[in-house]
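First comes the structure, then the notes that go with it.
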Amino acid sequence: MNYGELFHVTLPETALDLAALLVLLVDLAFLRKAALQVRLSSAAVIGVIGCLAAMWAVGMQTSAGFSVDGLLVLANGGVTAVAQMGVLVLTAVTLLLLIDSSFTKHPGEFVAVVLMAASGGLVISAARDLLVIFIGLELLSIGLYILTAFGKTSAKSAEAALKYYLFGGMSAAFLLFGFSYFYGLTGSTNLYEIQSSIANSGSSPLLIVAWVLVVAGLGFKVAAVPFHLWAPDTYEGAPAPAAAFIASVSKIASFTLLLTFSFQWLQVSNEYLSGARPAVEHYIVSAYQSWQHLALVLLIAAVASMIVGNLAALAQTSVRRLLAYSAIAHAGYILLGIAIYSTYSGQSDVMSFWGNAFNAGVISQNAVLYYVLTYGLTTIGAFGVIGVVERTTGSDKLDAFLGLHKRNPVLAAVLLILFLSLAGIPPLVGFWAKFNLFAAVLAVGGGVWPFALVALAVAMSAVSLYYYLQVLKRAYVMPAVDDTPIHVHPVTMLVLMAIAAAVVLAGCLPSVLQGWIASF
Amino acid sequence: MLAWTIYLSFAGALVEALLPKGKPALARAVALVVALAGLVIAICGFAGGAGQGRVVLVDTPWVPAMGIHYTLAADGISRVLVLLTGLAAVAGVLFSWNIELRTNEFFAFFLALIGGVYGVFLSFDLFLLFVFYEIAIVPKYFLIAIWGSTRREYAAMKLALYSFAGSAMVLIGLLAAYAMAGSHSTGIVELGHAALPVSFQMWAFPLVFVGFAILAGMWPFHTWAPTGHVAAPTAASMLLAGVVMKLGAYGCLRVAMGLFPHGMDPWGFGFLGIGSWRDVFAVLAVIGIIYGALVALVQTDFKFVIGYSSVSHMGFVLLGLMTLNQIGVTGAVLQMFSHGVLAGLLFGIVGRIVYERTHTRQLAELETMHLSKRLPFAAWGFAIAGIASMGLPGFSGFVAELQVLVGSWKADPWWTAAAGVGIVIGVAYTWRALQKAFFSDAPSMAHTHEHGHELAAITWPEVTGFTLLAATSLLVGLWPRVLLDSIEPAVKALLAGGAQ
């Protein structure tokens, strides 16, 4: 075990945690008497600088990761780097949108917790060992419980936090239980060893049990049906920046973890490839076949999420709850991309099957990352707008958005762009993300079932237009009850406009972000 | 150069969105200039493209990793429909000259819609075409929901959901075709050459065809059309009936029929004389023709008469497409143009010239107003438009519907017979509306509604818009070769080789 190497690999996390300590120090030692606005701004600025430093550290990574006894514990580059960059960018955006909020008198603590939770997100994205995964998840989750509860004067915030905490604790227990099965089956906590052990010995019914338990734990994190019950209450009760953080950063980290699980399952190391051909072929076939069972569990959750999320969103009157259900629906689409991989159906040339399957897998993995990153950005923007409207009207009900185009035309335009993007209207990025994802799913998984699932997803996203339009209808069409202008802090406005511009630009020039993701 | 119709319209929309509020005159002027510029480019492109086949305007890689190109091109069919869009845009701006509520936003949505429509007609990449197709949906919603009348929010939502459901079907077919062809390209030409398996085409064709046909108002998926047209502000109904429904028909022709030509092959078994998807859709088209005409015959709201007549006339387009022969499909494209012009004309007269003055569209109330004496321009205008619309020789409708009927006779005489009945009913509902709305001698009910007051004089934008559209219909009716020379070679190529 080389601590120097460990330090080098965890430099981004270290940068974030140092920034967190610095925020606390500055806020508690020097700014106790300062105005809330000043304290918020300085905490946010230090936090953003911390994120930038961590991004720099991610970009500087050159090694393949941190290994113990030749087994990878923390990965570097590839999916990990993209996800870490995403976590950091979105954390920074969340912090920037914090500047004119007023839900707390302790901005230093809030920002510090955000940064620490984000460092948990970084760990999750890199982890390749069950124990490290669990530590990262808890680091993130505990931060999120605190953030949810931060609106100390709001009963809803407390209720939401308690619910979130109880569900979270329960799901963590399931996850650990599932992990212990994995360990029992294979004698290792390392993902690679687990996979190769199962591929060599063949799958067993206990494997499915273990996987169902793990999916229960991770399904909670990504708010997939039937583990979604916390989401509407938490989205509704948490302070807007905390909700934005939960809806974006935490989602990226958790989906990356699921991607790691699935992709790791279908990888064959070079060491193995150089072995005797029949053994390698048996290994590949067995890995792809055992994934079919595991994928089924994810697909059930995906279908349920798409249907329940979209249908339940139709009935919402609170925009936050509406976004929560729409998040559940989006999780369903993303799970399709994670679950569906090429199926081995008796091809005689196993090696060329594996080559094609692997390439297709990389494409669909990138498509999932693209979706998660752009969805996270759009959601943060949406919560930014909701936060502004809430501060003025005191409500997040649909009717709070009445006449928004008169009260603040720019804010209304941002809302229009973000919601249409969530609904998947071109040329906005949400459309491209969906197209990219569904095209990748069809490319890897030819056949009736992937096609039927994509058809369901497309049909369901047609349904989603209805509820997004419910919000936009109030902003643009229905008469205003109150048309006093809404004033927005210039920084907030600027950040929201930048998000909207990014959503439009990334939609018009999709290959830029796509190329960036593929470049890692 | 034609590509600039798209860019200009979107730029115009952006400028309108940024214009200071409360200056309607400025907003109108900008919109008129942009629409006129588009029309001029469309005319130049049409004239310049004479005798040429498909001309590629722009072709650059857009998403190289997935083989998606930004391909704009124009063939004879595109040029005709772009010309129609230019005309409809100018007429639409002229007929919405009286919009005072949020004028600049109105024209912003209006021009965004126009830009999307131009884009669809010029796209030769399936992905790009779909992008433009969807761009056209959202402005429609807002145009109707904000500036509309009768049950506008309901109608707008219904229209948006129908459109989005249709485009979801199209997207599923598009994704499947892309994956089936090996995920290399989304070019319409390339996919047309991909030789997709017949069994795949058999189910992709109906999926995509219906997806587009929803927007073309195909029975039984037409119900968005009458409510949408009626609720929409005049300019939006003109665009909806005039060009947006043509987007659907164009998609049916270019995408569904171009990419999946074998989807129309016989199934190998027959049921009640229906043995292929082609028969199914032809029968639905014929039902649409007769059903739309019959329902138009009993409407009490003047605008609903025109709304249902659109369903009937679009039935001719779909029937023409399903003939799969040169003359029938040519007739279908010509009918798209003709109906685009005439529907614009009819909606302009009913929605703008009459309704804005009388504030009623109920035929029973209009009967008592003796509009032929008080609004002679409207009365004679509607008479001309109605005559053109019912297919009298000398106007565009006659040439178009005649060709469709000849083509369908070749395919199946029964279709022609049934569609002919539709034409007869068309004469009946047009005369009925004309008589009730303008030339009735029912006793006047004094002191009700606007009766007794002097109706506002006809304004210059109305006269100009009317003249533009009526003259176009007359010109095409007298000299159809001007469009046919452009349409015929393109249709021939399309029928011969899938998507050329």
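Any read-out appearing in this document is the output of simple, stated calculations on the displayed coordinates, not a laboratory observation. Note that the structure is a prediction, hence the values are computed from the model and not measured. Quick reminder, even Gly has a Cβ in these numbers, built from the backbone with ideal geometry, and neighbours come from all protein chains shown.
Numbers at a glance
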{"quantity": "Quotient of C-alpha Rg and 2.2 N^0.38 Å, computed over chain A", "calculated": "0.95"}
{"quantity": "Where only C-alpha atoms are counted, convex hull volume of chain B per residue in Å³", "calculated": "124"}
{"quantity": "Average beta carbon contacts from partner chains per residue of B:136-145, 10 Å cutoff", "calculated": "3"}
{"quantity": "Alpha-carbon centroids, the range A:223-268 and the range A:450-520: separation in whole Å", "calculated": "19"}
{"quantity": "3J(HN,Hα) from dihedral phi, the range A:178-186, Karplus parametrisation 6.51/-1.76/1.60, rounded to Hz, x for glycine, proline", "calculated": "x, 4, 5, 4, 4, 5, x, 6, 10"}
{"quantity": "Using alpha-carbon coordinates, inclination of helix B:3-18 to the longest axis of chain B, degrees", "calculated": "50"}
{"quantity": "Overall dimensions of the protein assembly as shown as given by Cα atoms, namely Rg and Dmax in Å", "calculated": "30.7, 103"}
{"quantity": "In sequence order, calculated HN-Hα J values of the range B:136-145 (Karplus, 6.51, -1.76, 1.60; Hz; x Gly/Pro)", "calculated": "6, 6, 5, x, 4, 4, 5, 4, 6, 5"}
{"quantity": "Rel. contact order, % - alpha carbon contacts under 8 angstrom, at least six apart, chain B", "calculated": "16"}
{"quantity": "Proximal aspartates and glutamates relative to residue B:492, as straight alpha-carbon distance under 17 Å, when same-chain residues fewer than 8 apart are discounted", "calculated": "B:75"}
{"quantity": "Reach of residue B:140 by Cα under 17 Å, taken over lysines that are not fewer than 8 positions away in the same chain", "calculated": "A:473, B:158, B:246"}
{"quantity": "Nearest-ten-degree value, helix B:198-215 long axis tilted from longest Cα axis of chain B", "calculated": "10"}
{"quantity": "Nearest 10 degrees, 0 to 90: helix A:78-96 Cα axis against chain A principal axis", "calculated": "10"}
{"quantity": "Set of lysines near residue A:152 by C-alpha distance (under 16 Å), chain-local residues within fewer than 8 positions excluded", "calculated": "A:105, A:163"}
{"quantity": "Separation of alpha-carbon centers, the range B:163-180 and the range B:66-98, rounded to whole Å", "calculated": "23"}
{"quantity": "For the range A:65-110 and the range B:329-396, distance of Cα centres in Å", "calculated": "63"}
{"quantity": "Hydrodynamic radius (Kirkwood) for the range A:1-106, which is based on Cα pairs only, to one decimal in Å", "calculated": "15.1"}
{"quantity": "Cα-based convex hull volume of the range B:1-103 per residue, rounded to whole Å³", "calculated": "108"}
{"quantity": "Packing-based exposure ordering (other Cβ within 10 Å, fewest first) of B:85, A:317", "calculated": "A:317, B:85"}
{"quantity": "222 nm mean residue ellipticity, helices alone, for chain A (DSSP H n ≥ 4; -39,500 (n - 2.57); rounded to 500)", "calculated": "-26000 deg cm²/dmol"}
